[in-house]
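The values are calculated or read from the model by the stated rules, or taken from the named source; none is laboratory data. These figures come from a predicted structure and were not determined experimentally. Here the Cβ positions follow ideal geometry from the backbone for every residue, glycine too, while neighbour counts run over all protein chains shown. Just the protein is used for accessible areas: all its heavy atoms, side chains included, with ligands, DNA and RNA removed. Shrake-Rupley method; radii C 1.70, N 1.55, O 1.52, S 1.80 Å.
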Amino acid sequence: MITATELTAARIVPVVTDVAPELAATLGLTLHDAGLPVIELTLRSESALEALAALVDGCPGLTVGAGTVLTPEQVDTVADLGVDFVVSPGLSPAVARRCRERQVLFVPGVCTPTEILAALELDLNLLKFFPAQQAGGVAYLKALAGPFPRVSWVPTGGIDADNAQDYLSIQAVAAVGGSWIVRPDLIAAGDFEQISELAKGAIAIGLGGKA
């Protein structure tokens, strides 16, 4: 089981919403070779599980996560594929318990103090602030971070190259999640050179982000 520190080491988590299974390994290797050793693929397409399997099998040096995991049964499915972490848009105690049983790191989505307290009661302190921009952005996250010093954050939702550093400048933010690096149009076009350049630019943002 990977640790929260290992997941957030690069401070950038590329979030892929859709990739054809035959392109998945190439995408993963492109990110890894550019210096980003982690990827999250959401379960939002019919071929997501096949693409996850291709990432796990074809990119042994890559930390692979499954996003938009909503049920314990989905945890079992992606854990059987060999993913390293699980991300959910919300906080489900049942999903949290199954991840613990399967020894898979779980990063639940929260955006209210009540949800944060519930997560801490489940011994979860790496939390996804989601949807970040829509929920109130940097100012709101700063307000949340103050009363909860034990929490490390991965803001996701509406984050791009223009605002990522604003989030990363918050001391409690461990990493940001974003899809600007792995835009669906670039993936579909097989433009892995541009994806590599975007990944390198994101790494530069991550290195300079924390004040």
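So that you can scan it fast, the table gives a plain yes or no per residue for (1) aliphatic (A, V, I, L, M); (2) open to solvent by less than 20 Å² (accessible area, probe 1.4 Å); (3) out of contact with any His (no Cβ under 8 Å at 6 or more places or on another chain); (4) more than 27 Å from residue 47 (Cα to Cα):
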| residue | (1), (2), (3), (4) |
| --- | --- |
| 68 | no, no, yes, no |
| 74 | no, no, yes, no |
| 82 | no, no, yes, no |
| 88 | no, yes, yes, no |
| 94 | yes, no, yes, no |
| 98 | no, no, yes, no |
| 129 | no, yes, yes, no |
| 134 | no, no, yes, yes |
| 140 | no, no, yes, yes |
Practice prompt. Only residues that are crowded, with 17+ Cβ neighbours inside 10 Å and either farther than 18 Å from residue 207 by Cα or free of Cβ contacts under 8 Å to residues at least 12 places away in the same chain (or both): list them for segment 3-20, please.
Written response: 15, 16, 17, 18, 19
Practice prompt. Return the pairs, sorted by first residue and then second, in which the second residue is in a loop (DSSP other than H, G, I, E, B) and polar (S, T, N, Q), the first residue lies in segment 138-157 and is in contact (Cβ under 8 Å) with a residue 12 or more places away in the chain, the beta carbons are less than 6 Å apart, and the residues are 6+ apart or on different chains.
Written response: 150/125; 151/125
Worksheet, complete the sentence: Residue set 63, 42; condition open to solvent by 10 Å² or more (accessible area, probe 1.4 Å) and β-branched (Val, Ile, Thr); output residue 63
Worksheet entry | Hey, residue 103 under 15 Å from residue 15 (Cβ atoms), over 12 Å from the mean Cα position of the chain (by Cα) and not basic (Lys, Arg) or not | no
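Go through segment 120-149 and count every residue that is within 24 Å of residue 179 (Cβ to Cβ) and not in a helix (DSSP H, G or I). Walk me through it before giving the result.
Looking only at segment 120-149, we keep the residues that are within 24 Å of residue 179 (Cβ to Cβ), and these are 124, 126-142, 144-145.
Pick out the ones that are also not in a helix (DSSP H, G or I) and you get 124, 126-131, 136.
Residues flagged as within 24 Å of residue 179 (Cβ to Cβ) and not in a helix (DSSP H, G or I) within segment 120-149 amount to 8.
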